[in-house]
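Notes to accompany the following structure.
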Amino acid sequence: MQNLSNFLLGNGPSSRLFFDASQLDLSFLKEDIEKWSDHPNYQIAMKTVTALKVENDSADRGIALATAFN
């Protein structure tokens with residue numbers, strides 16, 4: 001089983017696209033997970049990610065399409 005740092009740091013640029021686009025520093029991923037909450041870059045990343053409003057556009061379009069034909 002892979003952990004988060006392996007996924008983001010080892011699977012090429014497409015795995016990191018969101019973080020690169022957000023210009024978040026992922027250096028905390030090299031630390032033990034128990035130490036992440038103390039790492040300033042983790043705190044910044046968490047603040048940024050939790051402030052995002054997320055929408056499942058595919059689901060919304062599917063519901064709108066189903067509703068339109070009912």
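Data for the structure
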{"read-out": "Residues that are assigned to a loop (DSSP other than H, G, I, E, B), open to solvent by 60 Å² or more (accessible area, probe 1.4 Å) and of a type outside the set (Asp, Glu), drawn from the stretch 20-70", "value": "GLN23, ALA51, LEU52, LYS53, VAL54, ASN56, PHE69, ASN70"}
{"read-out": "The stretch 1-19 - residue that is of a type in the set (Phe, Trp, Tyr) and open to solvent by 70 Å² or more (accessible area, probe 1.4 Å) and, of those, modelled with the highest pLDDT", "value": "PHE18"}
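The values are calculated or read from the model by the stated rules, or taken from the named source; none is laboratory data. Predicted model only: the values in this text are computed from it and were never measured. Areas reflect the complete protein model, heavy atoms only, side chains present, ligands, DNA and RNA absent. Shrake-Rupley method; radii C 1.70, N 1.55, O 1.52, S 1.80 Å.
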